[in-house]
1. Which order, highest average first, do 1-8, 62-69, 27-34, 85-92 follow once you tally other Cβ atoms within 10 Å for each residue and take the mean per peptide?
2. Ignoring ligands, DNA and RNA, what accessible area per residue does segment 1-140 give at 1.4 Å, in Å²?
3. Given the peptides 73-84, 37-48, 11-22, arrange them by the average over their residues of other C-beta atoms within 10 Å, most packed first.
4. Return the sequence-ordered ³J(HN,Hα) values of segment 137-142 in whole Hz as given by the Karplus equation 6.51 cos²θ - 1.76 cosθ + 1.60 applied to θ = phi - 60°, using x for Gly and Pro.
5. At 0.36 nm per residue, and after removing the present C-alpha to C-alpha distance, how many nm does the segment from residue 114 to residue 57 gain when stretched out fully?
6. Restricting to Cα atoms and excluding each atom paired with itself, what does the Kirkwood estimate give for the chain in Å?
7. Enumerate the amide H contacts of residue 37 below 5 Å, restricted to partners 5 or more residues apart or on another chain; note that Pro and chain-start residues carry no placed amide H.
8. In the structure displayed, which of 74/120; 17/74; 20/110 lie more than 28 Å apart, Cα to Cα?
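The values are calculated or read from the model by the stated rules, or taken from the named source; none is laboratory data. Worth saying up front: this structure is predicted, and the values here are computed from it rather than measured. Neighbour counts run over all protein chains shown; Cβ positions are idealised from the backbone, glycine included. Note: accessible area is taken over every heavy atom of the protein model, side chains too, but ligands, DNA and RNA are not part of it. Shrake-Rupley method; radii C 1.70, N 1.55, O 1.52, S 1.80 Å.
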Amino acid sequence: MEIYQCPEFSIGIFLIKPHKHMPFHDHPGMYGVMKVLFSSMTVTSYSKLEGQATPTQGIPVRCRFLSQLSLDSKSEPCVLYPEQGNIHQIQAGEEAVAFIDILAPPYNPKEGRDCNYYEKMETKEDDKQNISLMPGPNPSWFSCVPLSYNGPCPS
């Protein structure tokens, strides 16, 4: 649900059904702030290893585990940075979860800020800290259904 967008940032609200998740994805060159509004979720974040190129379909990206945070409405906001923890997956808990998402700057494919999706690969080099993620299209099982925002206009 898009709440507001300007050239500097965007604000949206996401809803995820119980036990469902958003696939691994990134926000290239962007800061992200997520705050749970109700229920709970787990955010698993990875950072690309140094020297990894811009994601290209068919070329795996090596990543290092950064954190796994369990968040609820009492938790502090979760911050994702352009280079740290930017590749992440969001998992809803026992109940549906809603969270506010602020991105700065907002998506802009013309300026190289478009969402990339990833699928976890199993490789011999993987361990608890390093994994390989394959960039690709939005998975067929995942969709974002836009909802209308009818609340007050942020000013």
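1. Final packing ranking: 85-92, 27-34, 62-69, 1-8.
2. Each residue of segment 1-140 exposes 57 Å² on average to a 1.4 Å probe.
3. In descending order of packing, they fall as 37-48, 11-22, 73-84.
4. x, 3, x, 4, 7, 10
5. The residue 114-residue 57 span can extend by a further 19.1 nm.
6. 16.2 Å
7. Amide H to amide H, under 5 Å and 5 or more residues apart or across chains, residue 37 pairs with 98, 99, 100.
8. 74/120; 20/110
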